[in-house]
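**Q** Structure incoming, see below.
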Amino acid sequence: MPRKQAGFTLVEIAIVLVIIGLLLGGVLKGQELITQAKIKNIANDFNATTAAILAYQDRYRRLPGDDAGATRWAGVTAGNSDGSITGTYLGGTTQETGYFWQHLRSSGFITGSATDATPPLNAVGGILGVEAGAGTTGGGTGVRGLSGVSLCSSKLPGKVAIALDTQYDDGASNAGGMRGFAVTGDVTVDGVDAAASYVEDSTTTYVVCRSVL
(Lines give C-alpha, C1' and ligand atoms only; values in the text may rest on other atoms or scores of the structure.)
Protein backbone atom coordinates (compact mmCIF):
# COMPACT_ATOMS: atom_id res chain seq x y z
CA MET A 1 0.00 0.00 0.00
CA PRO A 2 1.28 3.51 -0.79
CA ARG A 3 2.34 5.52 2.23
CA LYS A 4 0.41 8.66 2.98
CA GLN A 5 2.54 11.84 2.84
CA ALA A 6 2.48 13.58 6.17
CA GLY A 7 1.74 17.30 6.13
CA PHE A 8 3.20 20.03 8.33
CA THR A 9 1.96 20.13 11.86
CA LEU A 10 0.63 23.33 13.37
CA VAL A 11 3.75 23.55 15.52
CA GLU A 12 6.03 23.32 12.46
CA ILE A 13 4.02 25.97 10.60
CA ALA A 14 4.15 28.23 13.64
CA ILE A 15 7.93 27.86 13.87
CA VAL A 16 8.33 28.71 10.16
CA LEU A 17 6.14 31.80 10.55
CA VAL A 18 8.16 32.96 13.56
CA ILE A 19 11.41 32.54 11.62
CA ILE A 20 10.00 34.49 8.64
CA GLY A 21 8.83 37.23 11.01
CA LEU A 22 12.26 37.47 12.61
CA LEU A 23 13.94 37.68 9.20
CA LEU A 24 11.57 40.40 7.97
CA GLY A 25 11.99 42.31 11.22
CA GLY A 26 15.76 42.13 10.86
CA VAL A 27 15.64 43.39 7.27
CA LEU A 28 13.38 46.32 8.17
CA LYS A 29 15.49 47.19 11.19
CA GLY A 30 18.60 47.05 9.03
CA GLN A 31 17.03 49.42 6.51
CA GLU A 32 16.20 51.90 9.26
CA LEU A 33 19.74 51.72 10.60
CA ILE A 34 21.09 52.43 7.11
CA THR A 35 18.73 55.41 6.73
CA GLN A 36 19.79 56.74 10.13
CA ALA A 37 23.44 56.40 9.16
CA LYS A 38 22.78 58.42 5.98
CA ILE A 39 21.04 61.15 7.99
CA LYS A 40 24.01 61.34 10.35
CA ASN A 41 26.44 61.45 7.43
CA ILE A 42 24.60 64.32 5.71
CA ALA A 43 24.33 66.21 9.01
CA ASN A 44 28.09 65.80 9.44
CA ASP A 45 28.57 67.25 5.93
CA PHE A 46 26.68 70.39 6.97
CA ASN A 47 28.64 70.69 10.22
CA ALA A 48 32.08 70.05 8.73
CA THR A 49 31.60 72.41 5.78
CA THR A 50 30.24 75.15 8.02
CA ALA A 51 33.28 74.78 10.26
CA ALA A 52 35.57 74.93 7.21
CA ILE A 53 33.93 78.17 6.01
CA LEU A 54 34.38 79.82 9.40
CA ALA A 55 37.99 78.62 9.68
CA TYR A 56 38.75 79.94 6.17
CA GLN A 57 37.26 83.32 7.05
CA ASP A 58 39.29 83.43 10.24
CA ARG A 59 42.52 82.74 8.36
CA TYR A 60 42.07 84.78 5.18
CA ARG A 61 39.33 87.29 6.12
CA ARG A 62 37.48 86.33 2.93
CA LEU A 63 34.70 83.92 1.96
CA PRO A 64 35.95 80.79 0.20
CA GLY A 65 34.97 81.03 -3.44
CA ASP A 66 34.81 84.83 -3.25
CA ASP A 67 38.48 85.25 -2.26
CA ALA A 68 40.36 87.45 -4.75
CA GLY A 69 43.60 86.39 -3.08
CA ALA A 70 43.16 82.73 -4.07
CA THR A 71 45.85 83.24 -6.71
CA ARG A 72 48.17 82.31 -3.85
CA TRP A 73 47.57 78.75 -5.07
CA ALA A 74 48.66 77.69 -8.55
CA GLY A 75 45.86 76.65 -10.89
CA VAL A 76 43.10 77.94 -8.59
CA THR A 77 40.56 80.53 -9.77
CA ALA A 78 40.08 83.63 -7.61
CA GLY A 79 36.76 85.28 -6.76
CA ASN A 80 36.08 89.03 -6.72
CA SER A 81 35.89 89.59 -2.94
CA ASP A 82 32.54 91.39 -3.09
CA GLY A 83 31.31 89.64 0.06
CA SER A 84 29.02 87.15 -1.68
CA ILE A 85 29.39 83.77 -3.39
CA THR A 86 27.78 83.95 -6.83
CA GLY A 87 26.36 81.02 -8.76
CA THR A 88 24.13 78.07 -7.91
CA TYR A 89 24.88 75.30 -5.45
CA LEU A 90 25.61 73.07 -8.47
CA GLY A 91 28.98 74.82 -8.75
CA GLY A 92 31.09 74.58 -11.89
CA THR A 93 34.36 75.94 -13.20
CA THR A 94 32.93 79.37 -14.06
CA GLN A 95 31.09 80.16 -10.82
CA GLU A 96 32.29 81.23 -7.39
CA THR A 97 30.25 78.33 -5.98
CA GLY A 98 32.72 76.08 -7.82
CA TYR A 99 35.75 78.11 -6.77
CA PHE A 100 34.44 77.64 -3.21
CA TRP A 101 35.53 73.99 -3.26
CA GLN A 102 38.88 74.85 -4.84
CA HIS A 103 39.61 77.36 -2.08
CA LEU A 104 38.63 75.02 0.76
CA ARG A 105 40.61 72.14 -0.75
CA SER A 106 43.66 74.28 -1.49
CA SER A 107 43.69 75.65 2.04
CA GLY A 108 43.51 72.14 3.49
CA PHE A 109 40.22 72.65 5.33
CA ILE A 110 38.65 69.81 3.36
CA THR A 111 40.23 66.96 1.43
CA GLY A 112 40.48 66.69 -2.34
CA SER A 113 42.44 67.96 -5.32
CA ALA A 114 43.26 71.66 -4.99
CA THR A 115 42.02 72.56 -8.47
CA ASP A 116 38.84 70.46 -8.34
CA ALA A 117 35.71 72.68 -8.50
CA THR A 118 33.30 69.74 -8.29
CA PRO A 119 30.92 69.67 -5.31
CA PRO A 120 31.22 66.49 -3.23
CA LEU A 121 28.54 63.79 -3.21
CA ASN A 122 26.30 63.23 -0.21
CA ALA A 123 25.29 59.89 1.31
CA VAL A 124 22.29 59.42 -1.02
CA GLY A 125 24.10 60.20 -4.28
CA GLY A 126 23.14 63.87 -4.49
CA ILE A 127 25.58 66.75 -4.09
CA LEU A 128 26.53 69.17 -1.36
CA GLY A 129 26.87 72.72 -2.62
CA VAL A 130 26.96 76.34 -1.51
CA GLU A 131 24.79 79.23 -2.68
CA ALA A 132 23.98 82.79 -1.67
CA GLY A 133 20.26 83.37 -1.19
CA ALA A 134 19.35 79.77 -2.01
CA GLY A 135 16.03 79.46 -3.82
CA THR A 136 15.76 83.16 -4.58
CA THR A 137 15.88 84.64 -8.08
CA GLY A 138 19.21 86.31 -8.72
CA GLY A 139 20.78 85.08 -5.50
CA GLY A 140 19.23 87.88 -3.44
CA THR A 141 16.93 87.65 -0.45
CA GLY A 142 13.23 86.96 -0.31
CA VAL A 143 10.40 84.73 0.84
CA ARG A 144 11.33 81.98 -1.61
CA GLY A 145 14.60 81.15 0.03
CA LEU A 146 17.30 82.19 2.44
CA SER A 147 19.48 85.24 2.76
CA GLY A 148 23.23 85.05 3.12
CA VAL A 149 25.31 81.95 2.42
CA SER A 150 23.54 78.59 2.43
CA LEU A 151 24.65 74.99 2.12
CA CYS A 152 22.40 72.78 0.00
CA SER A 153 22.18 69.00 -0.22
CA SER A 154 20.22 67.37 -3.06
CA LYS A 155 18.23 64.18 -3.77
CA LEU A 156 17.16 63.77 -0.15
CA PRO A 157 14.18 61.47 0.51
CA GLY A 158 11.41 62.92 2.66
CA LYS A 159 12.46 60.91 5.73
CA VAL A 160 16.00 62.32 5.54
CA ALA A 161 14.83 65.88 4.84
CA ILE A 162 12.42 65.83 7.78
CA ALA A 163 15.07 64.51 10.14
CA LEU A 164 17.59 67.18 9.12
CA ASP A 165 15.11 70.06 9.32
CA THR A 166 13.92 68.87 12.72
CA GLN A 167 17.49 68.52 13.96
CA TYR A 168 18.71 71.91 12.77
CA ASP A 169 15.58 74.04 12.60
CA ASP A 170 11.81 73.97 13.10
CA GLY A 171 10.87 70.99 10.94
CA ALA A 172 8.95 73.23 8.51
CA SER A 173 10.04 73.09 4.87
CA ASN A 174 9.06 76.70 4.11
CA ALA A 175 10.13 78.56 7.25
CA GLY A 176 13.15 79.16 9.45
CA GLY A 177 16.82 78.82 8.64
CA MET A 178 16.46 75.58 6.68
CA ARG A 179 14.23 75.19 3.62
CA GLY A 180 13.19 72.18 1.57
CA PHE A 181 12.57 72.38 -2.17
CA ALA A 182 10.62 69.49 -3.73
CA VAL A 183 12.63 69.02 -6.93
CA THR A 184 13.97 65.92 -8.64
CA GLY A 185 17.70 65.43 -9.03
CA ASP A 186 20.54 67.92 -8.99
CA VAL A 187 18.79 71.04 -10.28
CA THR A 188 18.87 74.72 -9.39
CA VAL A 189 16.39 75.98 -6.81
CA ASP A 190 16.68 79.63 -7.84
CA GLY A 191 13.20 81.05 -8.24
CA VAL A 192 11.59 77.92 -6.77
CA ASP A 193 9.23 78.19 -3.81
CA ALA A 194 10.00 76.05 -0.79
CA ALA A 195 7.63 73.10 -0.43
CA ALA A 196 4.50 73.76 1.62
CA SER A 197 5.39 70.73 3.75
CA TYR A 198 7.57 67.65 3.62
CA VAL A 199 6.08 64.43 2.23
CA GLU A 200 7.49 61.09 3.34
CA ASP A 201 6.93 58.70 0.44
CA SER A 202 8.95 56.58 -1.96
CA THR A 203 9.17 59.11 -4.81
CA THR A 204 9.46 62.72 -3.58
CA THR A 205 12.97 64.08 -3.12
CA TYR A 206 14.20 67.43 -1.84
CA VAL A 207 17.03 69.88 -2.10
CA VAL A 208 17.45 71.03 1.50
CA CYS A 209 19.31 74.29 2.10
CA ARG A 210 20.54 75.62 5.43
CA SER A 211 21.63 79.19 6.08
CA VAL A 212 25.12 79.20 7.59
CA LEU A 213 26.15 82.88 7.41
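**Q** In region 90-115, which residues are free of Cβ contacts under 8 Å to residues at least 40 places away in the same chain and of a type in the set (S, T, N, Q)?
**A** Thr93, Thr94, Gln95, Thr97, Gln102, Ser106, Thr111, Ser113
**Q** Here is a follow-up. State yes or no: is Val187 under 17 Å from Gly126 (Cβ atoms), of a type in the set (A, V, I, L, M) and in a loop (DSSP other than H, G, I, E, B)?
**A** yes
**Q** Can you tell me which residue within region 55-76, out of those that are surrounded by 13 or more Cβ atoms within 10 Å (Cβ to Cβ), of a type outside the set (Ser, Thr, Tyr) and part of a helix (DSSP H, G or I), is nearest to the chain's Cα centre (by Cα)?
**A** Of all residues in region 55-76, those surrounded by 13 or more Cβ atoms within 10 Å (Cβ to Cβ) come to 55-57, 60, 62-67, 69-70, 73, 76.
Checking which are of a type outside the set (Ser, Thr, Tyr) leaves us with 55, 57, 62-67, 69-70, 73, 76.
Applying the additional criterion that residues be part of a helix (DSSP H, G or I) yields 55, 57, 69-70.
Values: Ala55: 21, Gln57: 22, Gly69: 29, Ala70: 26 Å.
Only one residue fits best here, namely Ala55.
**Q** Across region 14-58, what is the number of residues that are of a type in the set (Asp, Glu) and either at pLDDT 85 or above or farther than 22 Å from Gln167 by Cβ (or both)? Let's see the steps before the verdict.
**A** Let us first name the residues in region 14-58 that are of a type in the set (Asp, Glu), namely 32, 45, 58.
Next, only the ones that are either at pLDDT 85 or above or farther than 22 Å from Gln167 by Cβ (or both) stay: 45, 58.
Within region 14-58, residues that are of a type in the set (Asp, Glu) and either at pLDDT 85 or above or farther than 22 Å from Gln167 by Cβ (or both) number 2.
**Q** Taking the residues in region 152-168 that are crowded, with 24+ Cβ neighbours inside 10 Å and outside any helix (DSSP H, G or I) as candidates, determine which candidate is nearest to the chain's Cα centre (by Cα).
**A** Ser153
**Q** To continue, here is another question. Condition first: surrounded by 10 or more Cβ atoms within 10 Å (Cβ to Cβ) and modelled with pLDDT under 75. Now tell me which residues in region 1-13 satisfy that. Break it down into steps so the answer makes sense when it comes.
**A** Of region 1-13, the ones surrounded by 10 or more Cβ atoms within 10 Å (Cβ to Cβ) are 8, 12-13.
The answer is Phe8, Glu12.
**Q** Residues of region 100-139 being more than 16 Å from the chain's Cα centre (by Cα), assigned to a loop (DSSP other than H, G, I, E, B) and of a type in the set (Gly, Ala, Ser), which ones?
**A** Selection gives Gly108, Gly112, Ser113, Ala114, Ala117, Gly133.
**Q** Can you tell me which residue among Asp193, Asp169, Asp201 is in contact with a Pro (Cβ under 9 Å, 6 or more places away or on another chain) and either within 23 Å of Ile85 (Cα to Cα) or not basic (Lys, Arg) (or both)?
**A** Criteria check complete, one pass: Asp201.
The values are calculated or read from the model by the stated rules, or taken from the named source; none is laboratory data. Keep in mind it's a predicted model, so treat the numbers as computed, not measured. All Cβ positions, glycine included, derive from the backbone under ideal geometry; neighbour counts span all protein chains shown.
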